1. Would you tally the residues in the stretch 248-294 being more than 25 Å from Q231 (Cα to Cα) and hydrophobic (A, V, I, L, M, F, W, C)?
2. In the stretch 310-344, which residues are part of a loop (DSSP other than H, G, I, E, B) and either of a type in the set (D, E, K, R) or over 16 Å from K123 (Cα atoms) (or both)?
3. Any chance the stretch 131-139 includes a residue that's crowded, with 18+ Cβ neighbours inside 10 Å, in a strand (DSSP E or B) and among the aliphatic types (A, V, I, L, M)?
4. Taking interchain pairs and intrachain pairs at least six residues apart, which have beta carbon atoms under 7 angstrom, with the first residue in the stretch 105-124 and within 22 Å of I315 (Cα to Cα) and the second hydroxyl-bearing (S, T, Y)?
5. I need the full set of residues from the stretch 295-310 which are open to solvent by less than 20 Å² (accessible area, probe 1.4 Å) and free of Cβ contacts under 8 Å to residues at least 40 places away in the same chain, in order please.
6. Just the residues that are open to solvent by 70 Å² or more (accessible area, probe 1.4 Å), outside any loop (DSSP other than H, G, I, E, B) and touching a strand residue (DSSP E or B) at 6+ places or on another chain (Cβ under 9 Å), please, taken from the stretch 158-211.
7. Any idea which of R145, R173 is among the basic types (K, R) and within 24 Å of R327 (Cα to Cα)?
8. Report, by residue number, each residue of the stretch 260-302 that is aliphatic (A, V, I, L, M) and more than 17 Å from P98 (Cβ to Cβ).
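The values are calculated or read from the model by the stated rules, or taken from the named source; none is laboratory data. Model, not experiment: these values are computed from the prediction. A quick note on method: Cβ atoms are made from the backbone with ideal geometry, for glycine too, and the neighbour counts reach across all protein chains shown. For accessibility, only protein heavy atoms count, side chains too; no ligands or nucleic acids. Shrake-Rupley method; radii C 1.70, N 1.55, O 1.52, S 1.80 Å.
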Amino acid sequence: MICCAALRYRVNVKRPQIALGIAVFTLVILSAVPAVRAAEPPDSDANSNMTGRTFAPGEGAPANWPFQTVGNLSLGVVTESPAEAAEEDNLAKQLSNPVASLISVPFQANEDFGYGPSHNGYKFTLNIQPVIPISISKDWNVIVRTIFPIVSQHDLFYVENLPKNSPLQPQNRSQDGLSDTLQSFFFSPKKPGPFGLIWGIGPALLYPTGTHPFLGTGTFSMGPTVVVLEQIGGWTAGALMNQLWSVAIEEHRSSVSQMFLQPFLSYTTKTHTTFTLNTESTANWNNTPGDAKWTVPLNLQIGQILKIGQQPISITIGGRYYADSPRYGPDWGLRFVLTLLYPTGRRPEPVERTGLVK
């Protein structure tokens, strides 16, 4: 019944408008981050006893080399000092820590294939995921992690050879727009606990920002979220989870009871390349009887820290195989992530003014 009613809805969200929205949002983030970073105390690096000194943006970057890797290039054009290597190693470890004192803005592009009754459907999701640590006391941070999913999907609900007199005609084959927004607040101690454990706990909120019935749940949901991890040498191992329940539900929509579970294992090499294996599993406890409740993608990713001028970034590529999924779920997918990094360990350098500026 929900699908039949949802098919009557049409939204006219064009891809150029989506691209414009992404550009505007990016400009807002980039303009706001330096102000947030300037407000951070110089010693606000979470888990500093484990990961060492925070990376300073642009330190050691040659002025005549606008794009460099943090490791030694095979042609010998770029080298790094031991201090720079330690800083880059610290930055790579912070990227593997979901509650590190590191401002980051990941743009995570996911393409999944094999959806729908025809198994020819595909879904593109661009997750814009700003992560902002806020120092609330001498010993505690709150890490605000937000996920804005922008979705373009095709033939997820398309039935081939459907009779023209079917009540499902005309079929709504494509949907484009914003999905529901997830925001998590992790209250985390600045120093590791016993046995070097790093942890954070707090609430997770799901906002009904979906611009199409097929792109969102139509509910405001909330629940607990927790993350626990340990870092030893180049290794990082841990798990993140949340459980969401519906609090307010739109008319003709179903309630939500959903758990997200993400165990992860990563290793960072001396050249600051990070290999990550994880699963981003979701359990939909309200799925109909006889259908699988779990969606279990197995992800393998490789990431590298780079610099564009003085801006440190991380580029990650990866693939996934769905070990389990509900009926008409995806089979496999690809991922590309571009992350802008803004370490909070020191204040931004003042802008040098030329003689032409009054």
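1. So the count comes out to 8.
2. Hits for the stretch 310-344 are Q310, R327, D331, T344.
3. Kept after step one, since they are crowded, with 18+ Cβ neighbours inside 10 Å, are these residues of the stretch 131-139: 131-133, 135.
Now restrict to residues that are in a strand (DSSP E or B): 131-133, 135.
Imposing the further condition that a residue be among the aliphatic types (A, V, I, L, M) reduces the set to 131-132.
Checked the stretch 131-139: at least one residue is crowded, with 18+ Cβ neighbours inside 10 Å, in a strand (DSSP E or B) and among the aliphatic types (A, V, I, L, M).
4. V105/T339; P106/T339; N110/T125; E111/Y122; D112/Y122; K123/Y115; F124/S152
5. Across the stretch 295-310, the qualifying residues are P297, N299.
6. Answer for the stretch 158-211, where residues must be open to solvent by 70 Å² or more (accessible area, probe 1.4 Å), outside any loop (DSSP other than H, G, I, E, B) and touching a strand residue (DSSP E or B) at 6+ places or on another chain (Cβ under 9 Å): F187, F195, W199, I201.
7. R173
8. Residues of the stretch 260-302 aliphatic (A, V, I, L, M): 261, 265, 277, 283, 292, 296, 298, 300, 302.
Result: A283, A292, V296, L298, L300, I302.
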